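Here's the structure we're looking at; comments come further down.
Derivation of every value follows stated rules applied to the coordinates shown; laboratory data play no part. Just so we're clear, the structure is a prediction, and the values are computed from it rather than from any experiment. Glycine gets a Cβ as well: all are built from the backbone with ideal geometry, and neighbour counts include every protein chain shown.
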Amino acid sequence: MAESSLRATYDTTYDNKDGSLNGVACSNGPNGLAVRFPTFGDIPSFPFIGGAFDVVWNSPNCGACWNLTNIATGVSISLTAVDSAGAGFNIAQEAFEKLNNGQIGQGVLDVVANKISLSFCGM
């Protein structure tokens, strides 16, 4: 996939290791993740999880692995998409802080996003 610049925000919902996948877009259906990963903490890349712009309910993009790079700092993470996120990415606070050198800042980052091999997310 071609490189694209998008916005990343955070939501502490994704930081809860006991959070249920039944409450996100990648819950059930043929492309759902809840059968394999009942809780967020069961996802191999946890807490590097969150919503992505290209995910809707039962999307084939559920479980996709993304490399996000903070344009300002150059810091990168690998993230598993488990939910929808509007126009960019909405990710766990811990993942957001990793991208931003341990800071929350304004709560919004400009990132370069590349879809990468599932192996980078432990899938």
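Summary of computed values
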| quantity | calculated |
| --- | --- |
| Distant-in-sequence amide H partners of residue 75 (H built 1.01 Å from N, under 5 Å) | 70 |
| Base-10 log of normalised Debye intensity for the range 50-123 (one unit scatterer per alpha-carbon) at q = 0.21, 0.26 Å⁻¹ | -0.87, -1.26 |
| From the C-alpha gyration tensor of the range 1-68, square roots of 5λ in Å | 19, 15, 10 |
| Rel. contact order, % - alpha carbon contacts under 8 angstrom, at least six apart, the chain | 35 percent |
| The range 67-84 - phi-based ³J(HN,Hα) in whole Hz, Karplus 6.51/-1.76/1.60, Gly and Pro as x | 9, 10, 10, 5, 4, 6, 10, x, 6, 10, 9, 9, 9, 8, 7, 10, 8, 8 |
| Ordering of 80-91, 33-44 by burial proxy (mean other Cβ atoms within 10 Å per residue, highest first) | 80-91, 33-44 |
| Segments 116-123, 63-70 sorted - mean Cβ within 10 Å per residue, highest first | 63-70, 116-123 |
| Once the Cα gyration tensor of the range 36-75 is diagonalised, semi-axes √(5λ) in Å | 22, 15, 7 |
| Local electrostatic count at residue 82 - Lys and Arg +1, Asp and Glu -1, tallied over other residues with Cβ under 12 Å | -2 |
